[in-house]
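Below: the structure, in structure tokens.
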């Protein structure tokens, strides 16, 4: 009896896949933010005032919707300044965080759609670099999905935390939407993305509202958000490029075990 072996990706593709998996399965922006302010994730979540906590879901939905309308209209790679796109967005995110953090939680809620739009522009630029067609509603939806792929946190349910599990769950919300523009996909899909994006946003709000830290924390938190979601986007769209090149089944078969 012969043992069957898993078909292997080419060495370079396999290395890319393993690097992407390390980011997508083991990266948590919530833990990173908690470490920045010396609090546990759960302590930060408990520190969020109840009225803000109750309003967070709708605030996140509005931020995602306004970001989608603004960020995907224009060429995300367009840059009228002599700065690199990377440093331009770092500067804009820091300025946005300073403005929001200076006014505490109310300022941060006002700033949230701005920082989310900046994040989505960077995500879309990375998607285009990896061969995605940003004119395709399905690719636009993949950009929004990045906000739901926030990584595995200490309080996540393992059944929901895995990268492919989240992708499959989000794909379910898009069934029957083929051929529509992204606005036609939004109601159920946006709610599913917002449900997962809301957790790191709650930690962001709490971190920026810490006494004394204020505006300085706003800049640092926004930069941490930018680097985190830029890394998630790079990994996610790398996996999608490998799937287009080598086939979904082969990529799944070579996904590293936990």
*By count of other Cβ within 10 Å, fewest leading, how are 116, 238 ordered?*
238, 116
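Determine, from the Cβ-Cβ distance of residue 40 and residue 138 and an R0 of 41 Å, the FRET efficiency 1/(1 + (r/R0)^6), rounded to the nearest 0.05. Mind showing how you got there, number by number?
On the way: r = 38 Å, r/R0 = 0.93.
Efficiency, from the Cβ-Cβ distance: 0.60.
With a Förster radius of 22 Å, plug the Cβ-Cβ distance of residue 129 and residue 249 into 1/(1 + (r/R0)^6) and report the FRET value to the nearest 0.05.
The calculated FRET efficiency here is 0.30.
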*How would you rank 66, 58, 27, going from fewest to most other Cβ atoms within 10 Å of each one's own Cβ?*
58, 66, 27
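Cut-off is 10 Å between beta-carbons; in what order do 145, 69, 175, 45 appear when sorted fewest neighbours first? Before the final figure, lay out each step's value.
Numbers: 145 22, 69 13, 175 8, 45 18.
The fewest-first ordering by Cβ neighbours comes to 175, 69, 45, 145.
Quick note: the coordinates plus some simple rules give every number you see, no bench work behind them. The structure displayed is predicted, hence computed values, not measured ones. Ideal geometry is used to build each Cβ from the backbone, glycine not excepted, and the neighbour counts take in all protein chains shown.
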